[in-house]
Amino acid sequence: MTRLFGTNGVRGVVNEEMTAELALKLGGAIGTYLKKAKSRPKVAIGTDARISNHMLKSACSSGLLSVGCDVVDLGILPTPALQYAVKEKDFDAGVIITASHNPPQFNGIKVIDFDGTELARSQEEEIEDIYFGNKIKRVQWNEVGSFSAWDGAISLYKKGILSKVDADTIRKKKFRVVLDCGNGAGAVVAPDILRELGCETILLNCELDGLFRGRASEPVPENLGKLMKVVKEEGAHLGVALDGDADRAIFIDENGNYVYGDKSFALLAKYIVEKKGKGKVVTPVSTSSCLEEVVREKGGEVLYTAVGSPIVARVMKREKAIFGGEENGGLIFPEHQYCRDSSMTIAKMLELLANSEKTLSELIDELPKYELVKLKTHCPNHLKEKVLKKLVEKVKERFDKIDETDGVKIYMKEGWVLVRPSGTEPIFRIFAESKDKEVARELADRYVKEVNSIVSAMSQCYQLGI
Ligand code: MG
């Protein structure tokens, strides 16, 4: 069956793949799916700050209304703020119109379950089946849904966050923070959170702008030059950058240095596990061993999942984990909600710093050092599964410890290698980690060659018709 949902909802360039017609039909399919469980579902809808937000929200809402769902418009807000509202209030589902960190010409549609989590793949498949099988069930004229607006989601969300950190201790420290919202939806929440926590804030790109004129939306080092500079110039304690829909937060230390997401993740995991004395932390197999080392040291345990934040969230829920997340700055605090949340991440990081006498750079320096090398190599989509199978056969003969949660992760004494087929592109991603950069590079190179040789042997077999 054709796939509509990618790893993060349905995404595409507006008026090319992502059209009003698609949003209308998808709204009908989502609503038809929801009606299997309830006769009149109540659906929250919201958007990020993109120019196409109203076009897609209106179309998707029309689709939902046409099949008999009641729709409540929450306006422009971060994805986690909509998720929180769905979880806390009597909504049966949520729809967020966003393309996260993608460039401004993109937009997307993501569906949220009644408990605030992203839909599982099996649920998305049911919606795809309705969408492609033309199984949308329109209702009679007198059963069409109602449409209303509610402006309470943002304050509900802010209160939720402030109640889950030690706000008094943070306030006493009077942190000086530079916040860069990248013109995204975080601008309606994060500046207030910092102010409420007694911070002196310097705001960059905190005006909503669907063209992202301040900076590109992805919080990677090449987009955060200004933030790094301002943190240093202003003598701030730290800087924070959010992505377009504000589910991810990336930090800058007091010297203006970029803190990679795996480091801030490990630092917060260390803090959280130490406080509890034990507990499970969940993350995909691609995350640095730095996390596992600090979690184990503090008496905790790391559970690995396949790549994708909805998968992490679901395993956290099942395993009653105390923390989880991804190395891209998307962290999940279960006492708050089971999804990535940038404002919660900022608040917790401030709490951590408030309880420490050290600066952010000193704390990062204390973490174990690992070197992660990320490479990719081409493989035709139709061969991916066979290539992976062959590789697994080969490595099983040579290594005792392998993990097949997502692709294959091979543990060896000098580090680990993860070889994983991409879900969307005709490539294998090859990650290698070691304490020594040269060793990591050599491991990654070796497995690129290994994958290439299997791909080339199999291509020849195909050509010969074997
Ligand atoms: Mg995002």
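In terms of packing, defined here as the mean over residues of other Cβ atoms within 10 angstrom, the peptides 78-87, 287-296 line up highest first as 78-87, 287-296. Checked against a 31 Å cut-off, the cross-linked pairs Lys172/Lys435; Lys229/Lys374; Lys232/Lys317 give Cα-Cα distances beyond that limit for Lys172/Lys435; Lys232/Lys317.
Extending 7 Å from the Cα toward the beta-carbon at both Glu207 and Gln105 defines two label points whose distance is 2.5 nm. Of the accessible area of the chain, computed with a 1.4 Å probe over protein heavy atoms only, carbon and sulfur atoms account for 50 percent. Comparing Val408, Ala49, Ile427 along the charge dipole axis of the chain, the residue lying farthest to the positive side is Val408, per the Cβ-charge model.
The spacing between the stretch 1-34 and the stretch 88-106, judged by their C-alpha centroids, is 12 Å. Taking other residues whose beta carbon is less than 15 angstrom from the beta carbon of Tyr258, and scoring Lys, Arg as +1 and Asp, Glu as -1, yields -3. Would you mind calculating the gained length between Glu233 and Glu393 on full extension (0.36 nm times residue separation, minus the Cα-Cα distance), in nm to one decimal? So the extension gain works out to 52.1 nm.
In whole angstrom, how far apart do the alpha carbon centroids of the stretch 132-166 and the stretch 174-246 sit? Result: 28 Å between the Cα centres. With the highest mean first, a sort of the peptides 123-135, 178-190 on other beta-carbon atoms found within 10 angstrom per residue produces 178-190, 123-135.
Considering only alpha-carbon pairs that sit under 8 angstrom and 6 or more positions apart, the relative contact order computed for the chain is 12 percent. With a/c under 1.5 counting as rounded, go ahead and sort the stretch 293-382 into rounded, prolate or oblate using the C-alpha gyration tensor (a ≥ b ≥ c being the square roots of the eigenvalues; past the cut-off, prolate if a/b is larger than b/c, else oblate). Here the stretch 293-382 falls in the oblate category.
Once the Cα-Cα distance is subtracted from the 0.36 nm per residue extended length, the Lys276 to Lys317 segment shows a gain of 13.0 nm.
In plain terms, the chain from Arg138 to Glu425 could stretch by 99.8 nm, reckoned as 0.36 nm per residue minus the Cα-Cα distance. For the chain, the solvent-accessible area with a 1.4 angstrom probe is 42 square angstrom per residue. The dipole here belongs to the chain: it is taken about the Cα centre, uses +1 on the Cβ of Lys and Arg and -1 on the Cβ of Asp and Glu, and is about 760 debye. Using alpha carbon centroids, what distance separates the stretch 252-316 and the stretch 433-451, in Å? Between the Cα centre of the stretch 252-316 and that of the stretch 433-451, the gap is 23 Å.
The chain gives an Rg/Rh value of 0.98, both radii derived from C-alpha positions and Rh following Kirkwood. The 3J(HN,Hα) values that the Karplus relation (6.51, -1.76, 1.60; θ = phi - 60°) gives for the stretch 40-55 are, in residue order, 9, x, 10, 10, 8, 10, x, 9, 8, 9, 5, 4, 7, 4, 5, 4 Hz. Gly and Pro appear as x.
The values are calculated or read from the model by the stated rules, or taken from the named source; none is laboratory data. Note that this is a predicted model, so its numbers are computed, not measured. Virtual Cβ from ideal backbone geometry, glycine too; neighbours counted across all protein chains shown. Side chains are part of the model used for accessible areas, which takes the heavy atoms of the whole protein and leaves out ligands, DNA and RNA. Shrake-Rupley method; radii C 1.70, N 1.55, O 1.52, S 1.80 Å.
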